[in-house]
Amino acid sequence: MNDPRPHIAVLGAGPAGMASALGLLKAGHDVVIYERYPRARAAGNILNLWPPPIKALQEMGVDTEDLGAPCHATFRNAKGRVRADVQIPQDVVERYGGGFIGMLRPDLYSRMLEAIPKGVLQTDRHLTGIHDHGDGVTLTFDDGAVVETPVLIGADGIDSMVRRHLWGDTPKRAHNLHIIGGYTFDTSVVAEPNEVVLTHNRTVQGSYTSIRSQGRDGYQWWVLEAWPDDRPAPTDLHAHATELAAGFPGPLSALLAATPRENLQRWPIRDLRPLKHWSKGRITLAGDAAHATSPYAAYGAGMSICDGYFIGQVLAGVDLGDTAAVTQALVDYETPRIPHTTEQVQSAYVLGQVFHHAPAPLRPLRDFVLDHTPLLQRQMGERNPRDIVAQLDEMGTGIVAAR
Ligand SMILES: Cc1cc2nc3c(=O)[nH]c(=O)nc-3n(C[C@H](O)[C@H](O)[C@H](O)COP(=O)(O)OP(=O)(O)OC[C@H]3O[C@@H](n4cnc5c(N)ncnc54)[C@H](O)[C@@H]3O)c2cc1C
């Protein structure tokens, strides 16, 4: 099958692919998303978004009204004492419906899919071959179909074939950590509403946050600990998570007890070492394909959505027949994005190591420092909000308005 309509090809219908398509549509280009599965499916349940992706979604025409619960975040020690208070400026909180928004991943997918015009998403399309011939890119699919596109955006996740095609194999980095998370709408559990509470004991992070899903209030929670990447998953996830949560202050254990088993999931934590470049010729990367990140950042999906916003910005008004202009636009996209995302990837990796892989004799010292110095407040309480405000500024006043 040959498709005569020149359209930008986006590979993958995750947050990065859907956002790239929406950003490019807003910029006035024709787009098709190719997804290998029969539908765009959310792999996972729990999710929080910072204000920059909310701004991006709004600009792309995604309805963010009541998408999640507006939350304020604190880091606490095992006795519940606050170590860092994440101080997102009030005007940002008011403008984007919260400093950190707690939601379920399928709700984000539904809202993004609602904004994507019919025909843009093609499912059951598994890309197998890529050839950039200068004037365009030829794509080959597993059913033998061949498609010509002026630009390919590889938003195909942590196992990206587009990344491999451009930059060769980059093995996944195992953090030797795993996270078990779940959610409940059981209203009998009493927990602080509209808070993200991130608590660390000597070896485990036990956290919970308010969520809203389709008009219902609830909570999501997670426990995170060191776990060798090659060790099989615990046989009874609920029992294992319950054991980890025991001893944490507040409602964590009660939330876990109120969580139906089908609302529980586990992920081993892996990322990709950051690349120096993402783009080559008429092809670039977005989302986890470009910057797979530990959930410690709680920003992988957020950065993926912002990638789509910036892709729209740089390609707005660009003549897709002009190879030099397209190549330059993709360089303009990655130039600020790579340092920003690299910092997030690396700091999420380091946080995981510090909280879960510190040698046992050093843990009391680490916790003394975190309890009695402003280190965590400076890093997570103040620097993180500054970065968020800087991102909002960098996004400017819109996708098209920027040019
Ligand atoms: C436990 C956990 C908690 C997290 N919490 C947060 C959080 O709170 N906040 C946050 O911002 N982020 C969070 N993240 C990170 C976030 O989930 C990811 O960064 C995000 O999903 C990446 O989106 P993506 O679109 O790049 O990739 P994906 O979601 O992996 O999507 C890639 C898509 O490409 C398709 N595809 C792949 N290969 C092909 C091919 N050859 N042909 C066609 N289609 C193809 C796949 O089927 C898939 O649909 C969390 C991650 C985990 C594991």
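Numbers for the structure displayed
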quantity	calculated
2 or more residues away from the ligand (no atom under 16 Å from the Cβ) and open to solvent by 30 Å² or more (accessible area, probe 1.4 Å): qualifying helices (runs of 4 or more DSSP H) within region 243-317	252-257
The listed residue being out of contact with any helix residue (DSSP H, G or I) (no Cβ under 7 Å at 6 or more places or on another chain) and within 30 Å of Leu152 (Cβ to Cβ), out of Ala316, Ala301	Ala316
Filtered residues of region 213-238 (kept if open to solvent by 50 Å² or more (accessible area, probe 1.4 Å) and within 18 Å of Tyr183 (Cβ to Cβ))	Gln214, Arg216, Asp217
So Asp186, is it part of a loop (DSSP other than H, G, I, E, B), open to solvent by 40 Å² or more (accessible area, probe 1.4 Å) and under 20 Å from His240 (Cβ atoms)	no
Filtered residue count, region 309-331, keeping only those that are free of Cβ contacts under 8 Å to residues at least 40 places away in the same chain and in contact with a Phe, Trp or Tyr (Cβ under 9 Å, 6 or more places away or on another chain)	1
Close pairs from region 24-52: first at positive phi, partner near the ligand (Cβ under 10 Å from one of its atoms), Cβ under 9 Å, at least 6 apart	Gly44/Arg105; Gly44/Gly181; Gly44/Gln265; Gly44/Trp267
Neighbours by Cβ (under 7 Å, 6+ apart or cross-chain): first from region 98-109, at pLDDT 95 or above; second assigned to a helix (DSSP H, G or I)	Ile101/Ile54; Leu108/Pro15
Selection count where residues are among the polar types (S, T, N, Q) and within 16 Å of the ligand (Cβ to nearest atom), scope region 200-236	6
Inter-residue pairs, beta-carbon under 6 Å, first closer than 26 Å to Trp50 by Cβ and in region 179-196, second of a type in the set (D, E, K, R), 6+ apart	Ile180/Arg266; Phe185/Arg216
Index of the failed condition, Asp169 passing every other in (1) free of Cβ contacts under 8 Å to residues at least 60 places away in the same chain; (2) within 30 Å of Glu262 (Cα to Cα)	(2)
Matching residues, region 60-95, being open to solvent by less than 20 Å² (accessible area, probe 1.4 Å) and part of a helix (DSSP H, G or I)	Val92
Only one of Ala174, Ala191 that is in a loop (DSSP other than H, G, I, E, B) and within 22 Å of Leu237 (Cβ to Cβ)	Ala191
Check on Arg212, in contact with an Asp or Glu (Cβ under 9 Å, 6 or more places away or on another chain), touching a residue at least 24 places away in the same chain (Cβ under 8 Å) and closer than 23 Å to Arg81 by Cβ	no
Test: residue in region 59-76 that is basic (Lys, Arg) and more than 28 Å from Asp159 (Cα to Cα)	yes
Count - residues of region 133-166 that are away from the ligand (no atom under 15 Å from the Cβ), touching a helix residue (DSSP H, G or I) at 6+ places or on another chain (Cβ under 8 Å) and either open to solvent by 50 Å² or more (accessible area, probe 1.4 Å) or modelled with pLDDT of 95 or more (or both)	3
Tally of residues being touching a His at 6+ places or on another chain (Cβ under 8 Å) and under 24 Å from Leu198 (Cα atoms) across region 301-346	5
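The values are calculated or read from the model by the stated rules, or taken from the named source; none is laboratory data. Computed from a predicted model, the values in this text were never measured in an experiment. Note that we place each Cβ from the backbone using ideal geometry, even for glycine, and neighbour counts take in every protein chain shown. The protein model used for the area step is the full one, side chains on, heavy atoms only, and it has no ligands, DNA or RNA in it. Shrake-Rupley method; radii C 1.70, N 1.55, O 1.52, S 1.80 Å.
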